Amino acid sequence: MSVRRITTFAALVAVLAGATLAAREQMTIKLATQAPVLSSWHKALMDMGAEWNAKTAGRVKLTVYAGGTQGSEEATIRMMRPGVDQLQANLLTAAGMANIDEAFNVFGMPFFFQDDAEATHVRDKLTPLLDQRLAAKGFRKLAWGSAGWVQLFSKNQIRTVAELKNAKLFTSQGDDKMVQWYKNNGFKPVALSPADIPAQLKLSTGMIDAAPNPPYAALVFQIFRDAKYMLDIRVAPLVGALVVTTEAWNKVEAADQAVLTATTKALEQKLLADAPKQDADSVATMKTRGLTVTTLDAAGLASFRAEAEKMTASMRGTIVPADIFDMAVRERDAFRKTRK
């Protein structure tokens, strides 16, 4: 082979090697979320994506599909499965996470937690075990999130468990076990997509007349205009998580993984820190626009929670895995003792 041909061949090899390296180093992670477009959660994700791009010199880019444009949480999780790989990441609610592993139902148990400190303590204690369960399913949690506390919005004022059982209560479509749990405990659940809530509340003959929602979501979707009553009882914290497929994560260079880990930790801190103020500000705004907030006295609240806790116990081993349920109860009760 002539010197010229050798030189040309070497140059070609170098070009191909460079192209292969560039292809390996540059990737776009496609993320789905039900968070509304231009909501605080969507903006936080967009800011995070800009950081990924800048701090990895364009090697890792993020495309965010907000507002449920890729389908329900259950559908988007299917799009992340190996062999499908249409999406690589997701910002999911705990109910969505339960489609990956039922252990995440622990955060959706009605009236199980009383405040942020209690919920945070239990979440932190459960995190290592939950991360293991996710890893076994091919997912990696990058950050926790919070959308505040779910409160009860209704067309008619509700003060007791009996009145709540009388209401046509929204529950998430696709969660058949939870629907059955509500029925078994005397409620009237109606399984719908969250997107159906505003339209159904607006109708005088709508399928629902009560819908648990965090205040910020109730404000964004204008739910309070038709469900003019809010029972201030903190049903459950709306816990969320940002997850990525293990397959996609392993394609990211180690140095860039460190960047992504740092930026998602910052996202977690922002979402968790912003939630309480977001709740309070949203309630204050809605009150100026006609929302009536019902606050129970100490006896009424204690009665409501006592009755609800009896029902929650039936979730053990059916909706929430027994070991996760027992650990959550143990950690919650231990934390309560430290505050007495």
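Bear in mind these aren't lab numbers, they're just calculated from the coordinates by the rules spelled out. None of the values given here were measured: they were computed from a predicted structure. Virtual Cβ from ideal backbone geometry, glycine too; neighbours counted across all protein chains shown.
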In nm, to one decimal, how far is the modelled label at D131 from the one at M46, with both set 7 Å along Cα→Cβ? 3.1
What does the charge count around G206 come to, taking other residues whose C-beta lies under 15 Å from its C-beta (Lys +1, Arg +1, Asp -1, Glu -1)? +3
Given charges of +1 on the Cβ of Lys and Arg and -1 on the Cβ of Asp and Glu, with all other atoms neutral, how large is the dipole of the chain about its Cα centre, in debye to the nearest 20? 280
Taking every DSSP bridge whose two residues both lie in segment 133-223, the antiparallel percent to the nearest 5 is 40
A273 versus A199, label points 7 Å from Cα toward the beta carbon: distance in nm? 4.0
In a shell of Cβ-Cβ distance under 13 Å around Q278, excluding Q278 itself, what net charge do Lys and Arg (+1) and Asp and Glu (-1) give? -1
Taking amide H positions as placed 1.01 Å from N in the peptide plane, with prolines and chain starts having none, which residues 5 or more places from V60, or on another chain, fall under 5 Å of its amide H? M27
Return the distance in nm (one decimal) between the two label points of a simple spin-label model at Q114 and A334, each offset 7 Å from Cα along Cα→Cβ. 1.9
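Out of all DSSP beta bridges in segment 3-338, what portion is antiparallel? Express it as a percent rounded to 5. Numbers along the way, then the final one.
Working: 21 of 40 bridges.
Beta bridges within segment 3-338, antiparallel portion: roughly 50 percent.
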Using only Cα atoms, tell me the angle between helix 322-338 and the longest principal axis of the chain; keep it within 0 to 90° and round to the nearest 10. 70
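What's the ranking of 82-88, 170-176, 139-145, 37-43 by average number of surrounding C-beta atoms within 10 Å, highest first?
139-145, 170-176, 37-43, 82-88
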